[in-house]
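We did not get these values from a lab; they are worked out from the coordinates using the rules stated. What you see is a predicted model; the values in this text were computed from it and never measured. A quick note on method: Cβ atoms are made from the backbone with ideal geometry, for glycine too, and the neighbour counts reach across all protein chains shown.
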């Protein structure tokens with residue numbers, strides 16, 4: 001597995017990098033088959049260290065975890081525990097999808113935009129109805145079944161996931177509802 005271990009505005013020593021590799025290897029080998037790469041980013045938020053980990057699996061699924069603590073090693077250990085819990089929870093489902101899926105998930109390119117927040121407080125009429133674009137990025141839209149999309153959304157702790165439905169090749173959306181259930185939008 002390839003590792004990319006970095007720090008934002010902090011220096012990451014060799015001992016911490018070795019600790020991360022050893023611990024993450026143990027977690028991933030126990031619960032997931034064929035991991036391809038892992039990205040671990042350490043940063044500071046006031047007096048705490050923040051650890052964000054992303055592990056990409058060869059099937060195209062991605063597991064993400066984030067944790068913070070006053071000690072950098074404790075921040076990683078908490079993040080590792082969250083990653084292990086996610087992978088353990090989905091171990092059976094991940095293994096079943098590995099057997100069914102002989103090839104990695106197909107990804108389609110798309111454009112993603114970040115729009116500026118509205119600054120009006122309801123008092124004045126906006127000059128134009130066109131929102132201001134403050135960032136443009138490339139996004140990947142995976143080709144998944146609905147079950148895989150729900151699992152991917154939960155693994156990445158995302159509130160919404162746009163995907164291409166393998167059943168009919170149309171664009172679909174799954175999202176977390178306020179009542180705790182999962183919503184699925186399948187346009188006709």
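Annotations
- For the pair residue 29 and residue 107, the difference between a 0.36 nm per residue extended length and the Cα-Cα distance amounts to 25.6 nm.
- Each residue in 113, 175 was given a count of other beta-carbon atoms within 10 angstrom of its own, and listing them fewest first yields 113, 175.
- Residues 188, 8 arranged by fewest to most Cβ contacts within 10 Å: 188, 8
- Compared with the direct C-alpha span, the chain from residue 145 to residue 71 gains 22.6 nm at full extension, assuming 0.36 nm per residue.
- Structure remark: mean-square fluctuation, Gaussian network model of the chain, C-alpha springs under 10 Å; the largest value among 40, 72, 133 belongs to 133.
- Placing dummy labels 7 Å off each Cα toward the beta-carbon, the span from residue 14 to residue 178 is 5.5 nm.
- Full extension of the chain between residue 41 and residue 130 yields a length gain of 28.5 nm, computed as 0.36 nm times the residue separation minus the alpha carbon distance.
- Counting only DSSP beta bridges whose two residues both lie in the chain, roughly 80 percent are antiparallel.
- As a rough footprinting exposure proxy, the listed residues 82, 91 were ranked by other beta carbons within 10 Å of their own, and the order from fewest upward is 91, 82.
- Scaled radius of gyration (Cα, divided by 2.2 N^0.38 Å) that the stretch 2-98 gives: 1.06
- Förster radius 22 Å - calculated FRET efficiency between residue 21 and residue 85 (Cβ-Cβ, nearest 0.05): 0.65
- DSSP beta bridges in the stretch 2-98 [antiparallel fraction, %, rounded to 5]: 75 percent
- Relative packing of peptides 140-146, 164-170 - highest average C-beta neighbours within 10 Å first: 140-146, 164-170
- With contributions of -39500 (n - 2.57) from each DSSP H run of at least four residues, the per-residue ellipticity at 222 nm computed over the chain stands at -9500 deg cm²/dmol.
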